[in-house]
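Peer 1: Before I ask anything, here is the structure I am working with.
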Amino acid sequence: MSKYLDLSLKKIHELLLNKTIKPIDLVEEVIERYNNNKLNAFISFDIDGARKRAIELENDKIEEDNLLWGIPIAIKDNIMVRDLKCTCASHMLENFVSVYDATVIKLIKDKKMIIVGKTNMDEFAMGSTSETSYFGSPINPWDKSKVPGGSSGGSAVAVASHITPLALGSDTGGSIRQPSSFNGIVGMKPTYGRVSRFGLVAFASSLDQIGPMTRNVFENALLLNAISKHDPKDLTSFDTDEDFTRLIGKEIKGMKIAIPNYFVSNIVDDKVLKVFNNVVDLLKKNDCIIDFVDVKHIDKAVILYQIIAMGEASSNLARFDGIRYGLSVPANSLEDLYKKTRSEGMGREVKRRIMVGSYLLSGENAKIYYNKALEIRDDLKKSFENIFRKYDFVLGPTSSRAAYDVLSMIDDPLRSFMDDVLVMHSNMGGFPAINVPMGFIDKLPIGLQIMGNRYEEAKIYQLASIIEKQLNLNLGGYDE
């Protein structure tokens, strides 16, 4: 088997430029790896479409400055790709085929990348292990007995197992960063509005954000370059035109870093803290200024997320009624149609969140719970804004522990929310945050989260690139 996909994008691009390989060679390698790696990373795999696109590119002149030209990419299955299924890992949409491209997909296609398939995930992105998928959970390539994380578990597995070098995920409360931590890859949740959400099936609209999942920091920034563009179809989208790779490799001397005391408290496993402290020591050696700080309302993130996300989910998922699209179960009345279709079409976790969300938004409850949660969320956001007036970054572990046993938390919904207890804050405030691998516990990867101020992804990549280089974990796609 060829190993072109183990090379950096720069090396692959050189091979394409000098015609040592063609895009079809990369696609065939993806197909071979997909067939050999029985990891359930994909819900649908578009062999014919990928081969067709690769052959079409042979007739195009390769773009010398476009490192993404001809590169295979996997797409989370809650992002619309025209003429491919978009199931959201749910029986409700098992046979639904998208009739249009999401804005990010149009941008991917403009870069002449090759979409090879749609990746597995938690049903409607509701979960932190990908075990709520109607199609079965993807498998952690580091240890098949451990969960891959979620909800973007399939995208993380596809990249970590080197089936594809790049993938797109979505992040509502840590769903890119947490599986990236469990799988030893780089995952970025950009500033809210940086990447268009048009064509992303909504879970919680005020929190959702599409982002890149890659083998290393440089390739992550490169992919974010490709998908960041103002979109008039998304009213939360903003004008953006910058190169996120521009600061990579530059020195970090004098950078000020805040570590919330909550992020190093007893909610985090001691083994994780030991690895994290090694990173802190590394940063001190690079003459970074490190302070431990208290952040108001930081411990409220989980309950805020539950109220806001469940409330918005109950509203967003009301559209799946058995009439307009998706599953439709025969019934004797309209009310019966709703009941039967939603009962059969949605899994246990999705129904639980919809019911709780509907209660939270009912009558006076909306004022008591949802509106109050929005007020506290605003205070939490302001607390982090105050931190960013004094510091360049907020640092902490991405997850409180390494990947754990499959099925061990499937019946404990509160504990599953705690998987994201360290990463929800960036969604609450719309801040960008990245996971970078920082080491291993019992041969399982764990990640470091770097959160920055809004619109400062380039600075995050600057710090992340230095940490990546000096830790030298060599997890894939690096220049020799």
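Peer 1: Only residues in the range 345-364 that are among the aliphatic types (A, V, I, L, M) count as the first member; pair them with residues that are not in a helix (DSSP H, G or I), Cβ under 6 angstrom, at least 6 apart or cross-chain, and list the lot.
Peer 2: Correct list of pairs: Val350/Met126.
Conditions (1) under 22 Å from Phe431 (Cβ atoms); (2) open to solvent by 60 Å² or more (accessible area, probe 1.4 Å), marked per residue:
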site: Tyr359; (1), (2): no, yes
site: Ala366; (1), (2): no, no
site: Ile376; (1), (2): yes, no
site: Ser383; (1), (2): yes, no
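Peer 1: What about Ile248, is it touching a Ser or Thr at 6+ places or on another chain (Cβ under 7 Å), within 20 Å of Ala221 (Cβ to Cβ) and open to solvent by 20 Å² or more (accessible area, probe 1.4 Å)?
Peer 2: So Ile248 passes the test.
Peer 1: Here's a check for you: in the range 275-334, which residue that is under 22 Å from Glu349 (Cα atoms), assigned to a helix (DSSP H, G or I) and β-branched (Val, Ile, Thr) is most open to solvent (accessible area, probe 1.4 Å)?
Peer 2: In this case the residue turns out to be Ile303.
Peer 1: Moving on to the next point. Are there any pairs with C-beta distances below 7 angstrom linking a residue in the range 12-33 that is more than 13 Å from Thr164 (Cβ to Cβ) to a residue that is open to solvent by 10 Å² or more (accessible area, probe 1.4 Å) and of a type in the set (Lys, Arg), with the two at least 6 apart or on different chains, and if so which?
Peer 2: Note: pairs meeting the criteria are Ile24/Arg51.
Peer 1: Further, regarding this structure: Are any residues in the range 123-148 within 27 Å of Ala313 (Cα to Cα) and outside any loop (DSSP other than H, G, I, E, B), and if so, which ones?
Peer 2: Glu123, Phe124, Ala125
Peer 1: Which condition number in (1) touching a Lys or Arg at 6+ places or on another chain (Cβ under 7 Å); (2) at positive phi is the one that Leu107 fails?
Peer 2: Failed condition: (2).
Peer 1: On to the next question. Asn35: surrounded by fewer than 17 Cβ atoms within 10 Å (Cβ to Cβ), under 26 Å from the mean Cα position of the chain (by Cα) and not in a strand (DSSP E or B), yes or no?
Peer 2: yes
Peer 1: Another question about this same structure. Check whether at least one residue in the range 209-218 is closer than 24 Å to Asp419 by Cβ, β-branched (Val, Ile, Thr), part of a loop (DSSP other than H, G, I, E, B) and touching a helix residue (DSSP H, G or I) at 6+ places or on another chain (Cβ under 8 Å), and report yes or no.
Peer 2: No: zero hits.
Peer 1: Sticking with this one: Within the range 44-57, can you find the residues that are out of contact with any helix residue (DSSP H, G or I) (no Cβ under 7 Å at 6 or more places or on another chain) and surrounded by 15 or more Cβ atoms within 10 Å (Cβ to Cβ)?
Peer 2: Residues satisfying the conditions are Ser44, Asp46, Gly49, Arg53.
Peer 1: Further question on the same structure: In the range 101-122, what count of residues is obtained for those that are part of a loop (DSSP other than H, G, I, E, B) and either over 30 Å from Arg352 (Cβ atoms) or open to solvent by 10 Å² or more (accessible area, probe 1.4 Å) (or both)?
Peer 2: The total comes to 4.
Peer 1: Quick one: which of Leu374, Leu380 is part of a helix (DSSP H, G or I) and closer than 30 Å to Ile446 by Cα?
Peer 2: Just a single option satisfies the conditions, and that option is Leu380.
Peer 1: Can you find even one residue in the range 149-171 that is open to solvent by 10 Å² or more (accessible area, probe 1.4 Å), out of contact with any Leu (no Cβ under 7 Å at 6 or more places or on another chain), within 29 Å of Phe440 (Cβ to Cβ) and not in a loop (DSSP other than H, G, I, E, B)?
Peer 2: yes
Peer 1: Taking interchain pairs and intrachain pairs at least six residues apart, which have beta carbon atoms under 6 angstrom, with the first residue in the range 262-275 and in contact (Cβ under 8 Å) with a residue 24 or more places away in the chain and the second open to solvent by 30 Å² or more (accessible area, probe 1.4 Å) and part of a loop (DSSP other than H, G, I, E, B)?
Peer 2: Asp269/Arg401
The values are calculated or read from the model by the stated rules, or taken from the named source; none is laboratory data. No experiment lies behind these values; they were computed from the predicted model shown. When we count neighbours, we look across all protein chains shown, and the Cβ atoms used for this are built from the backbone with ideal geometry, even at glycine. These area figures cover heavy atoms from the full protein model, side chains too; ligands, DNA and RNA do not enter into them. Shrake-Rupley method; radii C 1.70, N 1.55, O 1.52, S 1.80 Å.
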